[in-house]
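Written below as structure tokens is the structure these notes are about.
FYI, it's all coordinate maths here, none of it is from the lab. From a predicted model like this one, the values you see are computed outputs, not experimental measurements. Glycine also receives a Cβ, built like all others from the backbone with ideal geometry; neighbour counts cover every protein chain displayed.
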Amino acid sequence: MALAQRLFRTKPTEQIVAEGGHGEGGELRRTMSLWQLTLFSVGATLGTGIFVILGQAVPKAGPAVVLAFVLAAITALFSALSYAELAGSIPVSGSSYSYAYATLGELVAWICGWCLMLEYAVSVAAVSVGWGEYLNSFLEGLFGWSLPAAITHSPGQDGGVVNVTAILIVLLATWLLLRGASESATANAVFVLIKIAVLVFFCVVAFTAFRAGHFSPFAPMGVAGVTAAASQVFFSYIGFDAASTAGEEAKNPKRDLPLAIILSLAIVTIVYVLVAVAAIGAMPWTDFDPERTEASLSYIVNLATGATWPGLIVSFGAVVAIASVVLTVIYGQTRILFAMSRDGLIPHIFQKVNPRHQVPVANTLIVAAFISVLAGLVPLGQLAEATSIGTLFAFAIVNIGVLVLRYRSPDLPRSFRTPLFPATPVLGTIFCVIVMAGLAGVTWLAFGLWMLAGLICYFLYGYSHSRLNTEVPR
């Protein structure tokens with residue numbers, strides 16, 4: 001085959017689905033229900049973003065930040081609908097990597113998988129880094145003391161030596177994941193219900209101090225302020241695709257994966273809008289300080305009650321929120337690597353399944369070790385911000401994939417069809433490109449270097465080890 005043919009050769013959808021669940025030494029176990037899948041996506045999405053994003057977004061849009069959350073949700077919805085269609089058609093662990101392999105070819109699939117490595121591994125390390133700070137905020141409010149900076153900050157950061165707390169939360173998530181997919185899903189469900197309960201508590205307390213006058217004027221910065229805030233809060237919606245990485249461990253993937261993706265986005269949007277309305281109603285938008293974002297929700301409930309214990313509960317919610325994100329994102333990372341390994345693009349150790357627990361143990365341990373080093377020892381800087389581009393790139397690929405698969409395989413069984421086709425995936429792609437274009441130049445530079453490293457890895461290993469390209473050409 002010619003080089004271009006090999007690089008862009010697609011993998012038949014029926015072959016991808018037939019290989020689903022099978023790994024070296026065993027199979028993944030189908031144990032996850034619709035409820036657990038939905039909470040997996042909610043767990044990956046509803047992180048610390050809402051605890052800090054208001055303090056950054058409100059000064060840009062004023063009370064109209066509520067509209068900014070809705071606008072960002074609509075932007076995310078276009079991509080979510082595309083994910084739902086492909087997840088129902090190709091219900092495997094690879095998520096957008098596998099969708100790209102079926103529609104746009106191996107090289108694009110590799111690039112997509114490489115982007116997902118950036119999104120999952122680096123973003124979860126960045127989230128873990130902040131866990132010690134939230135833990136300290138909680139400990140200070142409860143006991144009046146905190147852990148030393150040497151073990152709660154990364155090297156070069158305010159006296160940090162090794163971020164032990166970041167490593168600990170990664171190890172806790174790893175321990176849960178090694179127990180099995182069902183056990184991990186149950187633990188995540190508990191985490192998610194706790195953090196939703198904490199945010200509902202925030203809303204109830206904040207509404208006791210609600211003042212309708214705080215919403216006038218509603219949009220002091222005009223339409224430009226709303227769109228600027230929407231671009232910022234959009235990243236609080238990233239994670240709704242987490243359920244798609246559980247395609248081989250879902251009980252009824254063709255029905256449940258599309259529902260889980262859409263339900264999770266709906267749940268997160270409702271929570272975000274309620275929190276935004278409650279926060280603005282309790283405190284004038286001009287009092288929001290972008291320099292004190294970590295404590296904005298805690299400060300509001302303390303202000304509303306004249307006590308400190310409500311802020312303590314909100315701080316606890318942030319601690320739990322990070323634990324849930326770390327758990328679900330590491331899970332997603334391991335399943336994508338599992339699919340890539342099965343295709344031969346990365347070493348086969350990543351597809352080895354432990355016959356007892358029916359999970360990829362070696363894969364999970366390698367990912368956990370890598371993330372622990374990143375979180376504990378490496379200042380992530382702009383690389384963490386580059387995860388936004390990696391995620392948006394994967395979203396764009398999924399939207400394009402829906403268009404390609406509809407025209408190439410119109411009779412393929414689909415448990416969910418994106419409405420208003422082809423407008424929905426086209427708009428999804430356009431919105432992703434618009435948001436990407438608004439990111440800083442240094443973020444693009446970090447992303448470019450990451451892509452260059454990925455292409456080098458592909459041509460040094462993946463190209464020659466690809467299972468698809470060692471088969472007889474079709």
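Just a few scattered comments:
- Relative to the longest principal axis of the Cα atoms of the chain, the long axis of helix 131-143 lies at roughly 30 degrees.
- Volume in Å³ per residue [convex hull over Cα atoms, computed for the range 1-114]: 163 Å³
- Reported value for the range 48-470: 137 Å³ per residue, from the convex hull of its C-alpha atoms.
- Per-peptide packing, taken as the mean over residues of other Cβ atoms within 10 Å, places 200-211, 363-374, 137-148 in the sequence 363-374, 200-211, 137-148 from highest down.
- Burial ranking of peptide ranges 56-65, 219-228, 88-97 (average Cβ count within 10 Å, highest at the top): 88-97, 56-65, 219-228
- Protection-proxy order for peptides 451-460, 76-85, 278-287, each taking the mean of Cβ atoms within 10 Å per residue, highest first: 76-85, 278-287, 451-460
- Value of relative contact order over the range 1-127, rounded to a whole percent, pairs C-alpha under 8 Å and six or more apart: 43 percent
- Taking each residue as 0.36 nm, the span from Val162 to Val223 lengthens on full extension beyond its C-alpha to C-alpha distance by 17.5 nm.
- The simple Förster model, with R0 at 35 Å and r as the Cβ-Cβ distance, assigns Val442 and Ala150 a FRET efficiency of 0.75.
- Once the Kirkwood radius over Cα pairs is known for the range 222-337, the Stokes-Einstein relation at 10 °C and 1.306 mPa s delivers a diffusion coefficient of 95 µm²/s.
- Relative to one another, the C-alpha centroids of the range 164-222 and the range 1-43 are positioned 29 Å apart.
- Bridgeable aspartates and glutamates around Lys11 (alpha carbons under 15 Å apart, same-chain partners fewer than 8 residues away excluded): Glu19, Glu106, Asp343, Glu471.
- The angle between the Cα long axis of helix 253-282 and the longest principal axis of the Cα atoms of the chain comes to about 20 degrees, rounded to the nearest 10.
- Between Ser464 and Phe207, the distance separating the two model label sites (each 7 Å from Cα on the Cα→Cβ line) works out to 6.4 nm.
- Projected label distance in nm at Arg29 and Asp289, using a 7 Å step from Cα toward the beta-carbon: 5.1 nm
- For the range 98-132, the residues whose backbone nitrogen is under 17 Å from a point 7 Å from the Cα of Leu412, taken along Cα to Cβ, are 98-110, 112-113.
- Structural descriptor for the chain: relative contact order 33 percent, calculated from alpha carbon pairs under 8 angstrom and at least 6 residues apart.
- Distance between the 7 Å Cα→Cβ label points at Trp309 and Phe421: 5.6 nm.
- Nearest-ten-degree value, helix 106-117 long axis tilted from longest Cα axis of the chain: 30 degrees
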